[in-house]
Amino acid sequence: MGIVKIPLMTKEEYDEFIGEKFLSRIAFSGEYPYIAPFLYVFDGEHL
């Protein structure tokens, strides 16, 4: 499986997308791959 890139979005599309979610995943690569959950809150202005 290759790298998946997020498509280009306008600020409004991006704000709507992250406003609907609260969980993301961050992937790291080093000696072994690691995926960590990342919880967040978006109040419409700040993440």
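The values are calculated or read from the model by the stated rules, or taken from the named source; none is laboratory data. In this text the structure is predicted, and so the values were computed from the model without any measurement. Every residue, glycine among them, receives a Cβ derived from its backbone with ideal geometry; neighbour counts consider all protein chains shown.
Regarding residue 17, is this residue surrounded by 10 or more Cβ atoms within 10 Å (Cβ to Cβ) and part of a loop (DSSP other than H, G, I, E, B)? Answer is no for this residue. Within the range 13-28, residues that are under 12 Å from residue 47 (Cα atoms) sit with their Cβ atoms under 9 Å from residues that are among the polar types (S, T, N, Q), at 6+ positions apart or across chains, in these pairs: 18/24. Within the range 31-46, residues that are under 29 Å from residue 12 (Cβ atoms) sit with their Cβ atoms under 8 Å from residues that are surrounded by 10 or more Cβ atoms within 10 Å (Cβ to Cβ) and of a type in the set (Val, Ile, Thr), at 6+ positions apart or across chains, in these pairs: 40/18; 42/18. If you go through the range 30-47 and keep only what is surrounded by 10 or more Cβ atoms within 10 Å (Cβ to Cβ) and either in a loop (DSSP other than H, G, I, E, B) or out of contact with any strand residue (DSSP E or B) (no Cβ under 7 Å at 6 or more places or on another chain) (or both), you end up with 40, 42. Looking at the range 2-14, can you tell me whether even one residue there is modelled with pLDDT under 85, surrounded by 10 or more Cβ atoms within 10 Å (Cβ to Cβ) and either in a helix (DSSP H, G or I) or among the charged types (D, E, K, R) (or both)? The answer is yes, given that some residue of the range 2-14 is modelled with pLDDT under 85, surrounded by 10 or more Cβ atoms within 10 Å (Cβ to Cβ) and either in a helix (DSSP H, G or I) or among the charged types (D, E, K, R) (or both).
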